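Written out below as structure tokens is the structure these notes cover.
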Amino acid sequence: MATDNIGRARGTDYFLIAEQLTESELDYLRRAQHFVDNDVLPVINDYWERAEFPFQIVEKFAKLDLVGDGIEGYGCPPMSPIAAGLVNMELNRGDGSVGTFHGVHCGLAMKSIAMLGSAEQKERWLPPMARLEKIGAFALTEPAHGSDSIALETSARREGDEWVLDGRKRWIGNGSIADVVVVWARDVSDGQVKGFLVEKGTAGFHASVIEGKVSLRSVWNADIELTGCRVPEANRLAEARSFKDAGRVLTGTRNTVAWASLGHAVAAYEIAVAYAKERQQFGKPLVSFQMIQDKLVAMLCEVTAMQLYCLRLGRLIEEGRFTDTIAALAKLNNTVKARDVCRMAREILGGNGILLDYHVVRHMADMEALYTYEGTAQIQTLIVGRDITGVSAFA
């Protein structure tokens, strides 16, 4: 979808989608693209291999005025839904861990505060988060409740002007480095799920990094234990009164995952095309073989379809017609298709496809996480299936 690089535009913007973008949207795209090409790609493989968080990259990103994911005001740049999507796409074209860090920080933590916080909470947290001076996390998933997140067991008990939180969370991106974690817990008095802003250093809050991941290795996911964790009433998200409110935040992030998946697919496709043009086998370049051309065209079909999905998502959000079912369908389509594109790219690269030097295997591994998080492909299928049939196939 880029216009600066003719080769890239011809390879990944076959339907001339860039012509549908405003000059402001193109500017966000170019800035994010420049950051990825110059600051992410040259160093990210080393971070990924060592499973280390790229603080150096985040410091550079903070200076680009790209943080906010469409939130209005509070120091956030004025992004259209498509501009925000393009930034997410580009970050994931560089690396899934960088994209996930940004998605958790902006799309989950900042959006929770922007959508559900009090005026005081927004004023306190959003401006420094927009500058990446404060990092956010979002703690919903639990060890025993992944897809069935509404069944969460973490409890919240009111004692005077404080709430006491007890429970466990798992797979919490940024959880061990965040300055504020949006923790979702069930109020024992009325059974409703509510949100709480737990600040770094709060007694009874303990986060430990999950080790041994082979996907999204550079973003640190955490196991979190809450043991008698006391949070002041002022840190309860004012407008978060039930699980439906958490669901409103999640609906928006499925849009983000659709864009992120497109970024991985674009990266894999571009790498495969470039490699096939240069690689010589049996006395001629790989691109001269019918089997290779077949794979490249199949990949381009999926990339183009994913672009059209994303463009329409942005327009529907602008028009106020975005729904959880639309989000589910887009997340389902793009994660499944991007996973396939990365696999085909790895096949084209042959043995070199498993080397980090060529980046494809990193995108292929990272897509396994995107395929699962924010609701598995199977859960998205059942959400859409319920909508088109009127019959729920799950509780």
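The values are calculated or read from the model by the stated rules, or taken from the named source; none is laboratory data. Source: prediction; values computed, not measured. All Cβ positions, even for glycine, are placed from backbone atoms using ideal geometry, and neighbour counts span all protein chains on display. Calculation scope for accessible area: heavy atoms of the full protein, side chains included, ligands and nucleic acids excluded. Shrake-Rupley method; radii C 1.70, N 1.55, O 1.52, S 1.80 Å.
Within segment 132-159, how many residues turn out to be over 19 Å from the mean Cα position of the chain (by Cα) and over 20 Å from E233 (Cβ atoms)?
Applying the first criterion (over 19 Å from the mean Cα position of the chain (by Cα)) to segment 132-159 yields 133, 143-145, 148, 150-159.
Adding the requirement that they be over 20 Å from E233 (Cβ atoms) leaves 133, 143-145, 148, 150-153.
Total meeting the criteria: 9.
So which residues in segment 176-194 are over 16 Å from S242 (Cβ atoms), part of a loop (DSSP other than H, G, I, E, B) and touching a helix residue (DSSP H, G or I) at 6+ places or on another chain (Cβ under 9 Å), if there are any at all? Quick ask: steps written out before the conclusion?
Within segment 176-194, the first condition is being over 16 Å from S242 (Cβ atoms), and the residues that meet it are 176-181.
Now restrict to residues that are part of a loop (DSSP other than H, G, I, E, B): 176-179.
Within segment 176-194, I177, A178, D179 meet the criteria.
Among the residues of segment 346-375, write down those that are open to solvent by 60 Å² or more (accessible area, probe 1.4 Å) and aliphatic (A, V, I, L, M).
I354, L355, listed by residue number.
Per-residue answers, yes or no, for (1) out of contact with any helix residue (DSSP H, G or I) (no Cβ under 9 Å at 6 or more places or on another chain); (2) surrounded by 13 or more Cβ atoms within 10 Å (Cβ to Cβ); (3) closer than 15 Å to G263 by Cβ; (4) modelled with pLDDT under 95:
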position	(1), (2), (3), (4)
T3	no, yes, no, yes
I6	yes, no, no, yes
A9	no, yes, no, yes
T12	no, yes, yes, yes
I17	no, yes, yes, yes
A32	no, yes, yes, no
I44	no, yes, yes, no
Y47	no, yes, no, no
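Return the total of residues in segment 342-368 being of a type in the set (D, E, K, R), out of contact with any Gly (no Cβ under 8 Å at 6 or more places or on another chain) and closer than 20 Å to V287 by Cα.
Narrowing segment 342-368 to residues of a type in the set (D, E, K, R): 343, 346-347, 357, 362, 366, 368.
Still in the running and out of contact with any Gly (no Cβ under 8 Å at 6 or more places or on another chain): 343, 357, 368.
Among the residues that remain, those that are also closer than 20 Å to V287 by Cα are: 343.
Going through segment 342-368 one residue at a time, the tally reaches 1.
When only residues in segment 226-249 that are within 24 Å of S97 (Cα to Cα) and buried (at least 22 other Cβ atoms within 10 Å of the Cβ) count, which is nearest to the chain's Cα centre (by Cα)?
Among those that are within 24 Å of S97 (Cα to Cα) and buried (at least 22 other Cβ atoms within 10 Å of the Cβ), it is V249.
Can A305 be described as under 22 Å from the mean Cα position of the chain (by Cα) and open to solvent by less than 10 Å² (accessible area, probe 1.4 Å)?
Values: under 22 Å from the mean Cα position of the chain (by Cα): yes; open to solvent by less than 10 Å² (accessible area, probe 1.4 Å): no.
Here the answer is no, as A305 does not meet what is asked.
Of the numbered conditions (1) open to solvent by 40 Å² or more (accessible area, probe 1.4 Å); (2) over 16 Å from the mean Cα position of the chain (by Cα); (3) more than 27 Å from D13 (Cβ to Cβ), R343 satisfies every one except a single condition; which is it?
Only one criterion in (1) open to solvent by 40 Å² or more (accessible area, probe 1.4 Å); (2) over 16 Å from the mean Cα position of the chain (by Cα); (3) more than 27 Å from D13 (Cβ to Cβ) is unmet by R343, namely (3).
Looking only at segment 227-237, count every residue that is more than 13 Å from V182 (Cβ to Cβ) and of a type outside the set (S, T, Y) and tell me the total.
Taking segment 227-237 first, the residues more than 13 Å from V182 (Cβ to Cβ) are 227-230, 232-234.
Going one step further and asking which of them are of a type outside the set (S, T, Y), we end up with 228-230, 232-234.
Total meeting the criteria: 6.
Given the options L311, L296, L316, L332, name the one that is assigned to a helix (DSSP H, G or I), open to solvent by less than 70 Å² (accessible area, probe 1.4 Å), touching a Phe, Trp or Tyr at 6+ places or on another chain (Cβ under 6 Å) and more than 19 Å from R217 (Cβ to Cβ). Working first, answer last.
On the way: L311 fails: touching a Phe, Trp or Tyr at 6+ places or on another chain (Cβ under 6 Å); L296 fails: touching a Phe, Trp or Tyr at 6+ places or on another chain (Cβ under 6 Å); L332 fails: touching a Phe, Trp or Tyr at 6+ places or on another chain (Cβ under 6 Å).
Within the list L311, L296, L316, L332, the selection yields L316.
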